[in-house]
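Worksheet: one structure, shown below.
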Amino acid sequence: MADSQRGAVAGLRRRAAGIAPTLYLVAVAAAALTACGLVGLAASEPWLFPSLGPTVMVLVERPRAAAAAPRNVLLGHLAGIAVGWLCLALTGLRHAPPAITAGLSGGRIVAAVLSVALTILVLLAVRAPHALAGATTLIVSLGILRTGPQLLTIVLAVLAVLLVVWLLDLAARTRMPAAGGA
């Protein structure tokens, strides 16, 4: 076999070896979101919401990143929920229709901007970086998910995703970061 052919074959082998880990990551993400979707379907609650998808992506694409540490994921979403709800209360919008149906108002803009700013401050204070909490706090402060059961569902879905990813990583003998990530 000529050197150029050997080089091409070696290149194909390297690319093929990279496919299995990629498919595993796709399967983990799909399993985590499917589990949440099925629970949501059975419970008639929104177990799938916009910030959950990117959270799963961080967990599978960058498992050693600080943002993927289970502590940071959970604290990030909890902070986003709490601050988003607080901003709804402060602006008198707790019972207002969501911004996607009622449109934006001055109060809704204040709630949204304040919720992101305060979520950043909280996460910096507790040293738990998780940028996706910015999406969660907007989901709440824009009134998309705002009731007690809906907010509890966010927490349960995040816990479910962490559990599914952890179990699949355990089965595959990989490791999620325990605290701050690498």
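Some values worked out for this structure:
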quantity	calculated
Rg ratio (alpha-carbon, reference 2.2 N^0.38 Å) - the range 79-182	1.23
Selection from 111, 25, 90 lying farthest towards where the dipole of the range 3-171 points positive, charges on Cβ	25
Estimated dipole of the range 3-171 in Debye, rounded to 20 [Cβ of Lys and Arg +1, of Asp and Glu -1, Cα centre]	320
Rg/Rg_ref, the range 3-171, where Rg_ref = 2.2 N^0.38 Å and atoms are Cα	1.25
Computed label-point distance, nm, for sites residue 100 and residue 156 using a 7 Å Cα→Cβ extension	2.0
Simple label model, 7 Å out from Cα along Cβ direction - residue 166 to residue 147, nm	3.0
Stretchable slack from residue 57 to residue 125, in nm (0.36 nm times residue separation minus alpha-carbon distance)	22.0 nm
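Values in this text are rule-based calculations from the coordinates and carry no lab data. Worth saying up front: this structure is predicted, and the values here are computed from it rather than measured. Ideal geometry is used to build each Cβ from the backbone, glycine not excepted, and the neighbour counts take in all protein chains shown.
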